[in-house]
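Let me begin by presenting the structure, written as structure tokens, before commenting on it.
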């Protein structure tokens, strides 16, 4: 077994709410002390391949991911075994976004980078910050066709599972829940949750830091899932 330091909820400059500086070069500069991450932009997978290729210059491994917004406006982290599955899932999700046109000045720019990491174009439609028209049960069923991990994000905060829905549907078998503090872990355990991931939900460069230690044999999807199910994702605050 080895120890890896991770953060599995990170946005790039394509997410409208992310800072305009969240470019590939900034990732190379700020991802210090981390060797395992996930790119999880809002409702799109368009940047996973590019950022993964950029990070091959380092020792950082990337789990493909997407932060999906359900019809109930609950944020769900979906993690995939490979980029191809994430991109296919992302294309489906984009087609179900409710808001197509939006005010970029008010809601933020969705910037697509090229292979050099430079700004290529602004994506004007659809709005990635929108909710989809798919309820949480349908998102769950769709995600499981790809053998993915289904993990509600920041469950006690804005757009969180507990905040927006309260008790989750019994038809959904969540792989874990995301929490951000020791207090949230205590609250989650009282609700009945037992499997957790701990992330910073990075939108700015200063949040590109390790949030947990993972005990695993290798850095891949299988070992990521195994670590979650065996409670080998250890919060940094416990150190």
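Any read-out appearing in this document is the output of simple, stated calculations on the displayed coordinates, not a laboratory observation. These numbers were taken from a predicted model, which means no experiment stands behind them. Neighbour counts run over all protein chains shown; Cβ positions are idealised from the backbone, glycine included.
Just subtract the alpha-carbon distance of residue 32 and residue 191 from 0.36 nm times their residue separation and send over the number in nm, one decimal.
Taking 0.36 nm per residue and subtracting the Cα distance, the gain is 53.8 nm.
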Cα-projected label distance for residue 137 with residue 99, points at 7 Å along beta-carbon direction, nm: 2.7 nm
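From the convex hull of the Cα coordinates of the chain, what is the mean projected area in square nanometres?
So the Cα hull casts an average projection of 11.8 nm².
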For the stretch 2-58 versus the stretch 143-181, the gap between their alpha-carbon centres in whole angstrom: 22 Å
Residue-averaged [θ]222 nm for the chain, counting only DSSP H segments that reach four residues, each worth -39500 (n - 2.57): -7000 deg cm²/dmol
Fraction of beta bridges assigned by DSSP in the chain that are antiparallel (%, nearest 5): 60 percent
Under 20 Å from the residue 71 label point (7 Å along Cα→beta-carbon), backbone N, the stretch 110-135: 127-135
Relative contact order (%) - the stretch 2-238, alpha-carbon pairs under 8 angstrom, separation at least six: 25 percent
